[in-house]
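To start, the structure under review is shown below, and the notes come after it.
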Amino acid sequence: MSRVGLIERFFDDLPFEAGDPILTLGEGSTPLVHAPRLSERVGAEVHLKLEGMNPTGSFKDRGMCAAVSAAVKDGAKAVMCASTGNTAASAAAYATRGGLTGAVIVPSGKIATGKLAQSLMHGAKVIALDGNFDQALALTRELCERHPIALVNSVNPWRLEGQKTAAFELLEDLPTIDGLCIPVGNAGNVTAYWKGFQERGHDLYLYGFQAAGSAPLVEGKVVENPETVASAIRIGNPARWEEAVAAFRDSRGLVRAVTDDEILAAYRFLAGEEGVFCEPASAASVAGLLKYGPGDATTIACVLTGHGLKDPDNALRQSGSVLPCKPTIEAVEALVIGES
Ligand code: F0G
């Protein structure tokens with residue numbers, strides 16, 4: 001049986017109308033997995049929302065199926081976004097699905113290999129900007145004002161509509177949830193989760209985490225030259241700044257910073273101890289929980305926003321090396337059974 005996409009599943013909660021064109025790649029309905037070792041370490045019941053299990057390997061598919069469906073309905077011929085990689089991969093996939101042209105602008109040399117491969121494979125025009133994400137977004141906004149191109153960054157309200165469904169799924173799987181740990185970059189996702197929880201009348205603590213070198217919301221000012229190993233959240237001027245600040249305030253939550261070392265430690269911990277492989281930006285949610293603790297929350301979900309396979313280069317830098325071996329049983333035995 002084919003998987004029902006999230007627009008169909010949550011049709012009554014979304015501003016689509018009967019007969020609207022609907023694009024789906026089977027997004028949403030991602031696993032929520034208990035994390036026993038993490039729970040023990042932080043002294044709370046912690047679950048991991050595996051958003052890397054979406055069709056293009058990140059949570060972006062939730063918002064993108066909605067935004068590109070709406071673009072098709074509006075008669076758009078092309079969609080465009082600025083991206084640190086995942087939005088680009090998702091936009092490229094759904095644009096293809098909808099028979100539209102896709103163009104993406106990414107900071108040159110600063111997006112993970114898997115995301116670049118995806119965008120190119122799906123046939124998008126990939127523009128490598130000699131600049132950062134914030135500059136790419138400003139240029140994209142300007143271009144979409146000049147030309148009839150649908151902007152599918154999270155400034156597009158359809159993106160938030162699709163992404164809020166993750167909150168609905170969490171409430172179905174974990175009705176007593178009272179804390180959400182989430183990485184924050186352009187701040188669309190945390191805004192969407194809060195919208196989803198509010199629509200269901202459910203309060204909880206929102207704990208957002210930014211990378212220390214790219215933490216404008218924490219510092220309360222734009223970061224001109226954001227830096228972090230977590231390239232997905234290398235953003236200095238989030239588009240959903242005000243909404244995110246309001247969400248943290250209204251939820252009695254907080255937005256705080258985690259260093260690259262803390263992010264990478266959580267990244268290795270999740271892969272090596274929980275068996276869950278996410279990308280570095282996603283691990284910021286767990287790094288923050290490990291660093292600051294659960295506060296008053298007792299039942300927590302950490303949003304693991306993207307799959308570990310997105311970023312093989314960081315993975316190989318953070319893991320052990322392979323064991324070279326001659327093709328004899330003695331050599332294999334020595335390596336498998338031997339001491340070191
Ligand atoms: N985690 C991952 C893996 C991401 O790709 C992003 C954002 C975030 C977290 C932060 O989400 O921006 O809604 O606060 N990636 C965007 C992109 C910016 O272009 O792929 P946010």
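Taken over the range 205-217, the criterion of being part of a helix (DSSP H, G or I) and either away from the ligand (no atom under 12 Å from the Cβ) or modelled with pLDDT under 95 (or both) is satisfied by A212, G213. Restricting to the range 271-284, and then to whatever is more than 16 Å from the chain's Cα centre (by Cα) and in contact (Cβ under 8 Å) with a residue 60 or more places away in the chain, can you tell me which residue is surrounded by the most Cβ atoms within 10 Å (Cβ to Cβ)? Step by step, filter the range 271-284, then rank; the result is E274. Out of the residues in the range 147-204 meeting the condition of being closer than 21 Å to G236 by Cβ and out of contact with any Gly (no Cβ under 9 Å at 6 or more places or on another chain), tell me which one is farthest from the ligand (Cβ to nearest atom). So, considering only residues that are closer than 21 Å to G236 by Cβ and out of contact with any Gly (no Cβ under 9 Å at 6 or more places or on another chain), the one farthest from the ligand (Cβ to nearest atom) is L151. Scanning the range 272-292 for residues that are in a helix (DSSP H, G or I) and either within 16 Å of T228 (Cβ to Cβ) or basic (K, R) (or both) returns P280, A281, S282, A283, A284, S285, V286, A287, G288, K291. Filtering the range 35-83 down to residues that are aliphatic (A, V, I, L, M) and assigned by TED's automatic domain parsing to the domain that holds Y205, which residue is nearest to A128 (Cα to Cα)? Result: M53. The residues listed here are G75, G98; of these, the one that is free of Cβ contacts under 8 Å to residues at least 12 places away in the same chain and either surrounded by fewer than 24 Cβ atoms within 10 Å (Cβ to Cβ) or under 17 Å from L160 (Cα atoms) (or both) is G75.
For the range 248-262, the count of residues that are assigned to a helix (DSSP H, G or I) and under 17 Å from A301 (Cα atoms) is at least one.
Would you be able to say whether some residue in the range 324-332 is in contact with a helix residue (DSSP H, G or I) (Cβ under 8 Å, 6 or more places away or on another chain) and away from the ligand (no atom under 12 Å from the Cβ)? Yes, the range 324-332 contains at least one residue that is in contact with a helix residue (DSSP H, G or I) (Cβ under 8 Å, 6 or more places away or on another chain) and away from the ligand (no atom under 12 Å from the Cβ). Of the residues making up the range 293-312, just one is more than 9 Å from the ligand (Cβ to nearest atom), in contact with a helix residue (DSSP H, G or I) (Cβ under 8 Å, 6 or more places away or on another chain) and among the β-branched types (V, I, T), namely I300. A232 meets each of the listed conditions (1) within 13 Å of the ligand (Cβ to nearest atom); (2) of a type in the set (G, A, S); (3) not in a helix (DSSP H, G or I) apart from (3). Scanning the range 47-101 for residues that are β-branched (V, I, T) and closer than 22 Å to L304 by Cβ yields a count of 3.
Residue pairs whose Cβ atoms lie under 8 Å apart, separated by 6 or more positions or on different chains, with the first residue in the range 183-200 and among the acidic types (D, E) and the second within 6 Å of the ligand (Cβ to nearest atom), do not occur. Scanning the range 124-152 for residues that are in contact with a helix residue (DSSP H, G or I) (Cβ under 6 Å, 6 or more places away or on another chain) and surrounded by fewer than 23 Cβ atoms within 10 Å (Cβ to Cβ) returns V126, L129, L151. Within the set I182, I235, the sole residue that is in the same structural domain as E262 (by TED's automatic domain parsing), surrounded by 22 or more Cβ atoms within 10 Å (Cβ to Cβ), at pLDDT 95 or above and within 13 Å of S154 (Cβ to Cβ) turns out to be I235.
Considering the range 240-266, the residues that are crowded, with 21+ Cβ neighbours inside 10 Å and within 12 Å of the ligand (Cβ to nearest atom) include one that is farthest from V33 (Cα to Cα), namely R240.
The requirement of being among the β-branched types (V, I, T) and touching a residue at least 60 places away in the same chain (Cβ under 8 Å) is not satisfied by T259. Can you tell me which of I177, I111 is of a type in the set (V, I, T), surrounded by 22 or more Cβ atoms within 10 Å (Cβ to Cβ) and in the same structural domain as S285 (by TED's automatic domain parsing)? Residue meeting the stated conditions: I177. Examine the range 104-115 for a residue that is out of contact with any helix residue (DSSP H, G or I) (no Cβ under 8 Å at 6 or more places or on another chain) and not β-branched (V, I, T), and state whether such a residue exists. Scanning the range 104-115 turns up at least one residue that is out of contact with any helix residue (DSSP H, G or I) (no Cβ under 8 Å at 6 or more places or on another chain) and not β-branched (V, I, T).
The values are calculated or read from the model by the stated rules, or taken from the named source; none is laboratory data. If you're wondering where the values come from, they're calculated on a predicted model, not measured in any experiment. Ideal geometry is used to build each Cβ from the backbone, glycine not excepted, and the neighbour counts take in all protein chains shown.
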